Each structure stands twice: as structure tokens, then as C-alpha cells.
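Report on the structure given below.
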Amino acid sequence: MKENIVIIGGGIAGLEVAVQLLDLGYKPIVIEKRDRLGGHVADWNLLFPDMIPARDVVGNLIARASEANIFLNTEISFVNKLKDSYNIMLSNGISINTRIIVMTTGFALFDAAKKEEYGYGVYDQVMTNKDLEHWFNTGDDKRVNDSAMNAVGFVHCVGSRDEKARNPQCSKVCCITAIKQAIELKQRFPEAMVYCFYMDLRMFGKKYEDFYINAQRDYGIRFIRGRVSEVSENIDGRVIVKAEDTLSGKPVKVTLDLLVLMAGIICNTDSTRLANMVSLPIDSDGFLKSRDNVAEIIESPRDGIFYAGACTGPKTVPETLAEARAAALKVHLFIKGLK
Amino acid sequence: MDFGFKISPSSAINLDNVDLTKFEELHRMEPDVYKCMACGSCSATCPASPFSGMSMRKVITALQRGKEKEAVAMLRNCMLCGKCSMVCPRGINTRHLILSIFRIYREDGK
């Protein structure tokens, strides 16, 4: 019997699940709301720790997943729970009956404008990590002025570890992203002073600590431990950043040509909307709740619904790909078990 | 006139005005000075620290914030025992660094 497998989300998690299921001989269906595949990673330029182009990773996955049934510009209108399967109605009018759903709905970036004190969308010279990657990719952003880049700052934990922003947990990958982006900026503007304002530096992954040491020793990036308290604009349009330098116990002030906010990772609202349709629980961190956060992170509490990637919390690219492979195997075993 | 309160001078550090010429000279002699991550191992092990306020990590931070006098004053309590070099996880030769700081920041060498 031909088994329908619905993968919701065409980012790297969804694509990798599709690739593995194709290799196992299935014909999965990938549903993507945007007009292109690759999700957030497709917007990124180079990936830590080896600085490989994101477009290679995404391009490779898209090529290998091309045999799957892929619906772009398609959303889930509603899901009906049948006796032991689901009826999924798509926004393009197609309806699918399936026993198996893989949630690869990913994450959303925290809206940096909500942290009004940092002035995103208010002052001209403030951008986010995503805007900077866009500039790396296209060179198109009027906030980056090639002739006047003398001082640049990075603000870590924007909308992460912030109870007031309703996102108390760590977004995990911004520390290393900030350091990666700081190094990339320093490579392009060697004369610029680059500051990172951090609370902790969480260099948990393979070779991340090496990145940190490189940033300090080889690029002279200045790390200031203290959360930026406020940003203002001076008459020249440059931004003035105030923070507490908690290492020297004194307030610190600096004028910058560009301020980059490391917007954190929050659960995608589409994930929660979808979770409501199929009565999936939400964990206390706002992400989708797994059956067990240690041993069964890719399994939902409902039979036949699996997770992969950042819908269950912030993840790196290799972690997401590993989860996607594990989820594909779970799907395979689920089908075998029910045959 | 006595208003019943006093205003002390601002302790704020304005990084726009910090002159890092000497620190850059230090960096050329001691490239590892950039590697300090302010873990505090050096200060915790320093036998002079509890009695004198000497703290190697504070010295390195102070130099980068333009507080040179503060840094040199702390260093005057160093006995050059070298315990900080032994414990530094980043392998900074702190003893050598201290001597270089004196060479650059105290022209008279006292």
C-alpha cells in the first residue's frame, strides 16, 4: 500500500527527512508556505564552524529531495482527526489522508523591534543578525557604509534569556553566530573596532571555542560583559550604546557606526497554530512538546506525529539534520510496525 | 554652598576617548594579551591579591578601558611569583606580560 507521509515545512529539517524517506523508497509530501525551499538557512551566507556556504547545504538538499511531492506557497487550512489517521486540507484545495505527519515547522526570529530600547526600526544604523547575513549575501543594505565603518557593536541575547520579552530560554546559536559575524565584518573592515556585548558566551559546539579564541587573538574583537541598557542616536546618525561593563564594575559608553542585534529564536506561530489543530501540547519554553525531552525528543505524544529540527527548540544545522534522519527512521519503523 | 549632597565625578568609561596606542604596543609585544577571557583564575591564585587588591584580570580589563594608572598601581603589588602563569587556562605567560606592561606603561621602569 502506498503510504502518504506529510512533512510540514520545507526548511533543512523537512528536506532532510524527505531525502532520507526517498532513499528508503517512500514518496513523501513536503508542504512549504513560502515560495522557495530551505527556510532560514537559505537566508544565511556562511555556516560555522567551517564557513561553508549555506547555499551549498541547501542546494544539495533541494537537489536530493526533488523527487518528493513538494507544494510551495501552500499552508495548512485545517486538519481533521479521523479514527487512526488525519485529513489535511491545504490552502490550494488539495486534501490528503495520512497516518504520518512530520512536523518540521522550525522557528521564528524574535522581532527585535519589540526591544524598543535597542532602537531597531527607530534608528538608521541598527540591524539584526538576519539583516547582516542578507548584506553578506547581497551587499545590499544602506546601513552598511563601506567608507565609514570605524566601530561596530554586537548585542547578544536580544529577546533571549529575557523574561520580560516572554522568552526566558537561551537561543543557543546566537553567541557563535555573533562571533562568526564579528569576524566576517572584521575581515571586511580590518580597521574597525568590533565590540561584542554579552552576558555569557556559550561556546558549546565543536570548534566554537576555537572561534572565540580566534576572534580575540587574531581579530582583536573586544568582548564587553554586560547587557546593553539603551541605545540612542547622535546628530550624525551614529548610535550611542550604553552598558555596564560588569568586569570593571563601571558604566561604559561607545559611539558606533553600526549596531547588530542578535535576535533570538522563538517558536514559530505557525507551529503552535498547527499544534492546536492536531491537539499537540506546547512545552513550557513555548516550543512543541516532545514525548520526552531526553530520549524521545523527535516523538510527539501522538502516534504517527514526529518532530525534527527547531520546532522543539533552538538547534544548530548539524543537530537539525541528525534529528531529521532519526525522524525518517522513526517513520520507516512506524510504517513497518503497522503493516 | 552646601546642598546637603555631593556629586562625585562620573566613573563611566567612554570608549570613544580611550587612547589604546600603548595597549596596541603591548599587544605587539604580547599578542596573547587579547586572549584573556576574564575567568579570574589568576586573581584567585594570586598570593598578593587578598592583601593588596592586585588582580591580573582586572589589570588587563583596566588597560583596555584606558584606566592605566589604576592598572599600574595594582601591579606594584605583584611579587612576580608566577602562580598566575601556571593556572591561566588560555596559556598566557602572565609573568612575562606583567614585565612588558611595566616596560610600556612605566617609562621610568620603577
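The values are calculated or read from the model by the stated rules, or taken from the named source; none is laboratory data. Because the structure is a prediction, the values reported are computed rather than measured. All Cβ positions, glycine included, derive from the backbone under ideal geometry; neighbour counts span all protein chains shown.
Tabulated values for the structure
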read-out	value
Qualifying residue in the range B:73-82 (condition: on the phi > 0 side of the Ramachandran plot and within 14 Å of chain A (Cβ to nearest Cβ))	no
Selection count where residues are within 17 Å of A:Ile176 (Cα to Cα) and part of a helix (DSSP H, G or I), scope the range A:44-58	1
The listed residue being aliphatic (A, V, I, L, M), more than 30 Å from A:His134 (Cα to Cα) and in contact with a Phe, Trp or Tyr (Cβ under 6 Å, 6 or more places away or on another chain), out of A:Ile298, A:Ile224, A:Ile305, A:Ile266	A:Ile298
Residue match in the range A:21-30 (condition: in contact with a Gly (Cβ under 9 Å, 6 or more places away or on another chain) and either assigned by TED's automatic domain parsing to the domain that holds A:Asp131 or not in a loop (DSSP other than H, G, I, E, B) (or both))	yes
Within the range A:145-169, tally of residues that are surrounded by 20 or more Cβ atoms within 10 Å (Cβ to Cβ), touching a Lys or Arg at 6+ places or on another chain (Cβ under 9 Å) and not polar (S, T, N, Q)	7
Of the criteria (1) modelled with pLDDT under 95; (2) farther than 20 Å from A:Ile94 by Cβ, which one A:Ala13 fails	(1)
Of all residues making up the range A:225-257, the number that are away from chain B (no Cβ under 14 Å) and either more than 30 Å from A:Phe287 (Cα to Cα) or hydrophobic (A, V, I, L, M, F, W, C) (or both)	4
Test: A:Ser279 is away from chain B (no Cβ under 14 Å) and at pLDDT below 95	yes
Residue ranges of strands (runs of 3 or more DSSP E) in the range A:239-339 with at least 1 members in contact (Cβ under 8 Å) with a residue 24 or more places away in the chain and more than 25 Å from the chain's Cα centre (by Cα)	A:239-245, A:250-256
Filtered residue count, the range A:75-114, keeping only those that are over 23 Å from A:Glu323 (Cβ atoms) and not in a strand (DSSP E or B)	13
Count of residues meeting criterion [more than 15 Å from B:Cys81 (Cα to Cα) and within 11 Å of chain A (Cβ to nearest Cβ)] in the range B:40-62	7
Selection status of A:Val260, crowded, with 17+ Cβ neighbours inside 10 Å, modelled with pLDDT under 95 and away from chain B (no Cβ under 14 Å)	no
Test: residue in the range A:228-235 that is of a type in the set (Gly, Ala, Ser), in the same structural domain as A:Arg161 (by TED's automatic domain parsing), within 22 Å of A:Ile176 (Cβ to Cβ) and not in a loop (DSSP other than H, G, I, E, B)	no
Some residue of the range B:29-52 being in a helix (DSSP H, G or I), aromatic (Phe, Trp, Tyr) and exposed (fewer than 14 other Cβ atoms within 10 Å of the Cβ)	yes
The range A:201-216 - residue that is under 21 Å from the mean Cα position of the chain (by Cα) and away from chain B (no Cβ under 11 Å) and, of those, nearest to A:Ala148 (Cα to Cα)	A:Phe211
